[in-house]
Amino acid sequence: MKLVFAGTPEVAVPALDALLASGRHEVAAVVTRPDAPAGRGRRLVASPVAERAEEAGVEVLKPGRPRDAEFQERLRQIAPDCCPVVAYGALLPRTALDIPAHGWVNLHFSLLPAWRGAAPVQHSLMAGDEITGASTFLIEEGLDSGPVYGTLTEPVRPADTSGDLLTRLALAGAGLLVATMDGIEDGALKAVPQPAEGVTLAPKITVEDARIDWAAPALRVDRVVRGCTPAPGAWTAFRGERLKLIQVALAPQRADLAPGALAVGKNSVHVGTGSHAVELLWVQAQGKKPMRAADWARGVRIAETETLGV
């Protein structure tokens, strides 16, 4: 089939690479978000998908909005059979959805109808799911509600961060997306409506969502830290500034600390929660580089009465 691929961040690049290498389909163009300011100088930078497409010599379309008439006219000129999508980042109007003969097919990083929305992997980790996966589905105007072509499953490992899990799903999902394109072309795949039961939502994680509640159980603290790593980054307050928490470990042997209370040893830092303690392993103070929590604690000279979260 002739394809127009839509995607923006690094997580979408494996799927684009897989389609380019498939040998069966032609990626005629790529749709991505406009260049965005990045870095200290805030200079405009092309998306990872745009950079990869340019390297491959593929036409890149960067509409301000997918409803722009000029963009839709160019899409009609290309006349794609299907538009595979991975983390594009903009809502598609009906006028755009109707252009390709086989519609727009999204690779979504959850087992639909679970975790519809912008942050499925983060919410899956924060909820304590033991199994997650990816789905390919036909995009409708509803939020991730379209009929499903295919799925794959992926176990959640005990130490997974959202970055770890998303990396694995992006690689495995790339193969699922290619297989979906093959099946659509062959006429062998039919999209199956999602069940009405089991719908959960996964809205974008805000900075406030990533703030640690030390009164919560230790298991919840660990899940929030892993779910918010690398972005937006779990955090707590210390001396009126944000302290980013990069990695913690459950410490069930310490149940003597009040929520937020600190216990600093020679090579360890423990914090009380609503159940037992957690050990801080890696942290990042405001304006500093990531460091081992024990090194941070030595540097700031924590007093016995000081706590986190205030």
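Confirm whether L152 is of a type outside the set (D, E) and either in a strand (DSSP E or B) or open to solvent by less than 60 Å² (accessible area, probe 1.4 Å) (or both).
yes
From the list A101, A114, pick out the single residue that is within 29 Å of T151 (Cα to Cα), assigned to a loop (DSSP other than H, G, I, E, B) and open to solvent by 40 Å² or more (accessible area, probe 1.4 Å).
Being within 29 Å of T151 (Cα to Cα), assigned to a loop (DSSP other than H, G, I, E, B) and open to solvent by 40 Å² or more (accessible area, probe 1.4 Å) holds for just one of A101, A114, which is A101.
Can you find even one residue in segment 174-187 that is open to solvent by 10 Å² or more (accessible area, probe 1.4 Å), out of contact with any helix residue (DSSP H, G or I) (no Cβ under 7 Å at 6 or more places or on another chain) and under 26 Å from R301 (Cα atoms)?
Checked against the condition, which is being open to solvent by 10 Å² or more (accessible area, probe 1.4 Å), out of contact with any helix residue (DSSP H, G or I) (no Cβ under 7 Å at 6 or more places or on another chain) and under 26 Å from R301 (Cα atoms), segment 174-187 yields no hits at all.
Determine, yes or no, whether V248 is among the β-branched types (V, I, T), assigned to a strand (DSSP E or B) and in contact with a strand residue (DSSP E or B) (Cβ under 6 Å, 6 or more places away or on another chain).
So V248 passes the test.
I'm trying to understand the selection: among the residues of segment 268-287, which are at pLDDT 95 or above and assigned to a loop (DSSP other than H, G, I, E, B)?
S268, T273, G274, S275, H276, listed by residue number.
Kindly indicate whether L281 is of a type in the set (A, V, I, L, M, F, W, C) and either within 20 Å of C228 (Cβ to Cβ) or in contact with a Lys or Arg (Cβ under 7 Å, 6 or more places away or on another chain) (or both).
Yes, satisfied.
So if I check each of A297, A303, which one is open to solvent by less than 80 Å² (accessible area, probe 1.4 Å) and assigned to a helix (DSSP H, G or I)?
Sole residue among the options that is open to solvent by less than 80 Å² (accessible area, probe 1.4 Å) and assigned to a helix (DSSP H, G or I): A297.
So D160 passes all but one of these: (1) of a type in the set (D, E); (2) open to solvent by less than 30 Å² (accessible area, probe 1.4 Å); (3) in contact with a strand residue (DSSP E or B) (Cβ under 9 Å, 6 or more places away or on another chain). Which condition number does it fail?
Failed condition: (3).
Tally time: how many residues in segment 30-55 are surrounded by 21 or more Cβ atoms within 10 Å (Cβ to Cβ) and either in contact with a helix residue (DSSP H, G or I) (Cβ under 8 Å, 6 or more places away or on another chain) or not in a helix (DSSP H, G or I) (or both)?
7
Would it be correct to say that T236 is polar (S, T, N, Q), open to solvent by less than 50 Å² (accessible area, probe 1.4 Å) and in contact with a Leu (Cβ under 6 Å, 6 or more places away or on another chain)?
yes
The values are calculated or read from the model by the stated rules, or taken from the named source; none is laboratory data. It should be emphasised that the depicted structure is a prediction, and the values quoted were computed from it without experimental measurement. In this analysis, Cβ positions are derived from the backbone assuming ideal geometry, glycine residues included, and neighbour counts consider all displayed protein chains. Please note that ligands, DNA and RNA were not included when accessible areas were found on the heavy atoms of the full protein model with its side chains. Shrake-Rupley method; radii C 1.70, N 1.55, O 1.52, S 1.80 Å.
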